[in-house]
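Just below is one structure, and these are the notes that go with it.
Here, each number is a calculation from the coordinates, and none is a lab measurement. Note that the coordinates shown come from a computational prediction; the quantities given were computed from them, not determined experimentally. Cβ coordinates were reconstructed from backbone atoms using ideal geometry, including for glycine residues, and neighbour counts include every protein chain displayed.
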Amino acid sequence: RTVLTVPTQPIAGQRPGTSGLRKKVTVFEQPGYLENFVQSIFDSLEGFAGQTLVVGGDGRYYNDRAIQTIVRMAAANGFGRVLVGQHGILSTPAASCVIRKHQAFGGIILSASHNPGGPEGDFGIKYNTGNGGPAPEKITEAIYAHTQKLGRYLTVDTPDIALGDIGECEVAGTKVIVIDSVADHAALLGTLFDFDAIRALLASGDFRLCFDAMHAVTGPYAHALIVKALGAPAASVVNGVPLSDFGGGHPDPNPTYAEELIQTMFGDDAPDFGAASDGDGDRNMIVGRRFIVTPSDSLAVLAANAHLVPAYAGGLKGLARSMPTSAAVDRVAAALGIACFETPTGWKFFGNLLDAGKITLCGEESAGTGADHVREKDGLWAVLFWLNILAVRRQSVEAIVREHWQRFGRNYYSRHDYEGVDSAAANGLMAHLHAQLASLPGQTIDGALIASADDFAYTDPVDGSVSTGQGIRIGLADGARIVFRLSGTGTEGATLRVYLERYEPDATQHAIETQQALAGLIALADRIAGIRERTGRTTPTVIT
Ligand code: VG1
Ligand code: CO
C-alpha cells in the first residue's frame, strides 16, 4: 500500500468529554480537524495491525464524509479489516454489539447523540475498545495527549467506498466490509426477551404502542424489531426515517424535546405505551398513557421485574447507577440482596463492572439503561424490556410504577438543566460551591440541616483507577440530596445540571406533583449555589 504521510499541527481543544469529542460541524469541517483526532486515536493504541475496526454513526450531517476519511486512515495505519454499517449507519448499541460479535480490536462511533444535527448542528466522534464499550479515561486522556503533539497523519489516496452496497471491497490492501446496520443487534435482542409473549400482547387487540424515532438512527431498528419481528402495525413507529438533520429537531427523548410523543400519549386516544430514543439510539424515554416514567424509576422497575424476562430470569449479579441517578434502584438491589454500585456520569464507568461480571443491569438518570449484552446503553433494549414486562403483567405502565412505589417507596426526582450558560459564570458557580464544601455540613439553611457536602470521586473497584471532580453532592439530614455538575457533552457555553432527590416512604404521599414535592430542595439549591444571580436565569431550560 502507498501510505501518504500528511504533515499537520496540533489543534487545541480536542479533549474528549463525557462521551467523546463533540463540536460544531463547522469545527469538524476545518482541514485536518477530524484527521488529527483519528490519528491520535490510532497513535494511542497498540497491536491493531491486521485487526478489525468497526465504523458507523447516527447518520447525522457529515457522517458519510467522516467515514470515508476514517476508512482511508484505518487502511493507512494498518488495520486488516474495517466493518462499516450500510449507509454509514450504526446505532451506538449496535456498534457495541458488532465490535463484540466480530471480535474487533475496537470501533469508532460518529455521533453527538441528542445534540441537534445538520450543517449548523453538532458532530461527534468517540473510540470504543474491544469489549464494545467507550474507551476508559486512561485511553481518552492518552488520545488527548497525542492531539497536542502529533505532527502528521497517515492516509491513502483511494476513491470513496460505496456505503450503500452491502458487500466487500478493498482499500489499499485493507478489506472493507459494508454490513447490514441492524441485523446483528436485532438478532442479539431477539435472544433476550420473550418475543412470543410480546407478540401475543400486540395481537390481543387491546394494546397499542407508539415509538418515536425522532428522525434519528433508531428508525430502521424499530421497524425491524417492533414492526417486523413483533408484528406491531407499521404506524406504531413514527418519525422512523433517519434524516441528516433529524428533521430540524432536537433528538433528545425528554418531555421537552419529545413534544410530539408527549402530545400523543396525553391525547384523547392515547396508546398504552409510548417510547422514544435519541440521535444515536442509546437513550430511551418510557411513557404510559398520560404518565411519564422518570429514567431513574424506569431502571428500578426493570431491575425489580427482571425475573419476568428470559435473559434475566436466572437472577441479577448486581446493579449500578451513575451518582446523580436516584437511589430508587438501590432499594431494589437491597431487596434482592445484591450489590449496587455508584459510578461517575458516563457509560464508560460501567464497562469494568460489566466485564468483571459484577453487574447485570445499569443505568443513568439521563434516560440511559442497559445490561451486559453490550457495553453501551441501549434504547431499544429498554423498550423491549418494558414490553416484555407489560406482556407478562398485563397492567398499565402507570399501575406498574405506582405499585413499585408502594412496595419500595418513591424517590421524588428531577433534573434541572440550564443550557447555554456563560462558561465563566458556570465555572464561578461551581467554584463558589467548592469553597463551601467544608463549611456546609452542620449548617441549617431554611430549616434544612445539611449532613454532608463533597465533590464526588470514584475508585474503580476492578482496576483501582481514580476519577475525581465528578460532581458536587449535598446531602441533607433527612436523606434528600442535591447534586451539581457541568455537562461534558455540550458544544455551546456551559450547561449546568442540578439534580434533586427526596425519598418518600409513605404511600399516601406518592401523588404529589414532582416539582411541588421538590420545591423546598429547588429553593435550597438556588440559595446555596446562587443559580439565578450567577447565571441570570430564572427558570431551567429543560426539566426532566
Ligand atoms: C450526558 C448525560 C450522561 C450521559 C452522556 C452521554 O452527559 O448526563 O448521563 O452518559 O450525556 O449520553 P453530560 O456530561 O452532558 O451530563 V449520550 O446519549 O449523549 O451518548
Ligand atoms: Co445518545
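Is the stretch 92-147 best put as rounded, prolate or oblate by its Cα gyration tensor, with a ≥ b ≥ c the root eigenvalues, rounded for a/c under 1.5, and otherwise prolate when a/b is larger than b/c, oblate when not?
On the way: a/c = 2.76, a/b = 1.26, b/c = 2.19.
Verdict is oblate for the stretch 92-147.
Among T369, T5, T489, which comes first, then next, by fewest other beta-carbon atoms within 10 Å?
On the way: T369 28, T5 11, T489 19.
Ranked by crowding around the Cβ, least crowded first: T5, T489, T369.
Report the residues of the stretch 184-211 in range of a label on A234: point 7 Å along Cα→C-beta, backbone N strictly under 18 Å from it.
209-211
For the stretch 501-544, just list the percent of Cα-Cα distances falling in each 10 Å bin from zero outward, please.
23, 48, 23, 7
With a point put 7 Å past each Cα toward its Cβ, work out how far A424 is from A334 in nm, to one decimal.
Taking the simple label geometry, A424 and A334 are separated by 4.6 nm.
Would any residue of the stretch 390-408 have its amide N under 19 Å from a label point 7 Å out along Cα→Cβ of D206? List them or say none.
Residues passing the 19 Å test: 390-401.
Roughly what would the spin-label model give for A519 and V462, points 7 Å off Cα along C-beta, in nm?
Those two pseudo-labels are separated by 4.5 nm.
Whats the longest run of the chain with zero GluC sites (Glu not before Pro) that are DSSP loop and have at most 10 other Cβ atoms within 10 Å?
Values: sites that count: E46, E513.
That gives 47-512 as the longest site-free run.
May I have the pair-distance distribution P(r) for the stretch 410-543, computed from all Cα-Cα distances with 5 Å bins from 0 and rounded to whole percent?
Per 5 Å bin, starting at zero, the Cα-Cα P(r) for the stretch 410-543 comes out as 2, 10, 19, 21, 19, 15, 9, 4, 1 percent.
Starting from the Cα coordinates of the stretch 100-242, work out the convex hull volume and express it per residue in Å³. Working shown, then result.
Details: hull volume 24.8 nm³, N = 143.
Spelled out: Cα convex hull of the stretch 100-242, divided by residues, is 174 Å³.
So which aspartates and glutamates pass the test for K175, namely a Cα distance under 16 Å, with those fewer than 8 places away in the same chain ruled out?
The qualifying aspartates and glutamates are D157, D160, D165.
Taking the Cα-to-Cβ direction at D268 and at A49 and moving 7 Å from each Cα, how far apart do the two end points lie in nm?
Rounded to a tenth, the inter-label distance reads 7.1 nm.
Could you line up S414, S204, S452 from fewest to most neighbouring Cβ atoms inside 10 Å? Working shown, then result.
Values: S414 22, S204 10, S452 14.
Least to most surrounded, the residues fall as S204, S452, S414.
When M323, M73, M214 are ordered from fewest to most other Cβ atoms inside 10 Å of their Cβ, what list results? It would help to have the intermediate numbers written out before the result.
Details: M323 20, M73 24, M214 30.
Result, fewest neighbours first: M323, M73, M214.
Antiparallel versus total DSSP beta bridges in the chain: what percent is that, nearest 5? Before the final figure, lay out the partial values.
On the way: 64 of 93 bridges.
Once the DSSP bridges in the chain are tallied, antiparallel ones form about 70 percent.
How much of the DSSP beta bridge set in the stretch 282-405 is antiparallel, as a percent to the nearest 5?
Numbers: 8 of 16 bridges.
If we restrict to bridges inside the stretch 282-405, about 50 percent are antiparallel.
What fraction of the DSSP beta bridges in the stretch 185-408 is antiparallel, stated in percent and rounded to the nearest 5?
Details: 13 of 27 bridges.
Approximately 50 percent, going by the DSSP bridge assignments.
Looking at the stretch 70-175, I'd like the Rg to Rh ratio, where Rg is from alpha-carbon atoms and Rh is Kirkwood's inverse mean 1/r.
Details: Rg = 14.6 Å, Rh = 15.3 Å.
My calculation puts Rg/Rh at 0.96.
Between K175 and R152, what FRET efficiency comes out of the Förster formula 1/(1 + (r/R0)^6) with R0 = 22 Å and r the beta carbon distance, rounded to 0.05? Mind dumping the intermediate values first?
Values: r = 25 Å, r/R0 = 1.14.
The computed FRET efficiency comes out at 0.30.
How large is Rg over Rh for the chain, taking Rg from the Cα atoms and Rh as the Kirkwood inverse mean of 1/r across Cα pairs?
Working: Rg = 22.9 Å, Rh = 23.8 Å.
My calculation puts Rg/Rh at 0.96.
For the stretch 114-221, which trypsin sites (Lys or Arg not before Pro) are both in a DSSP coil and crowded by at most 10 other Cβ atoms within 10 Å? Could the numbers behind the result be given before it?
Numbers: sites: K126, K138, K149, R152, K175, R199, R208; in loops: K149, R208.
Qualifying residues, ordered by number: K149.
Are there any helices in the chain, counted as whole DSSP H runs, that stretch 18 Å or more along their axis by Cα and score at least 0.5 on average by Kyte-Doolittle, and if so which?
On the way: long enough: 63-77 (21 Å, -0.09); 379-393 (21 Å, 1.62); 423-436 (20 Å, 0.28).
Correct list, ordered by number: 379-393.
What full-extension length gain, to one decimal in nm, is calculated for R527 and E260 as 0.36 nm per residue of separation minus the Cα-Cα distance? Please list the in-between numbers first.
Details: separation 267, 0.36 × 267 = 96.12 nm, distance 3.50 nm.
My answer for the length gained is 92.6 nm.
List the lysines whose Cα lies under 21 Å from the Cα of K377, skipping any in the same chain that are fewer than 8 positions away.
K101, K126, K138, K317, K348, K358
Kindly provide the helix-only [θ] at 222 nm of the chain, computed as the sum of -39,500 (n - 2.57) over DSSP H runs of four or more divided by all residues, to the nearest 500 deg cm²/dmol?
Working: 18 runs with 166 residues, N = 544.
Roughly -8500 deg cm²/dmol at 222 nm, from the helical runs in the chain.
For the stretch 261-351, which trypsin sites (Lys or Arg not before Pro) pass both filters: DSSP loop (anything but H, G, I, E, B) and at most 14 other C-beta atoms within 10 Å? The partial results should precede the final answer.
Values: sites: R283, R289, R290, K317, R321, R331, K348; in loops: R289, R290, K317.
Of the trypsin sites (Lys or Arg not before Pro), the ones in loops of the stretch 261-351 whose Cβ has at most 14 other Cβ atoms within 10 Å are R290.
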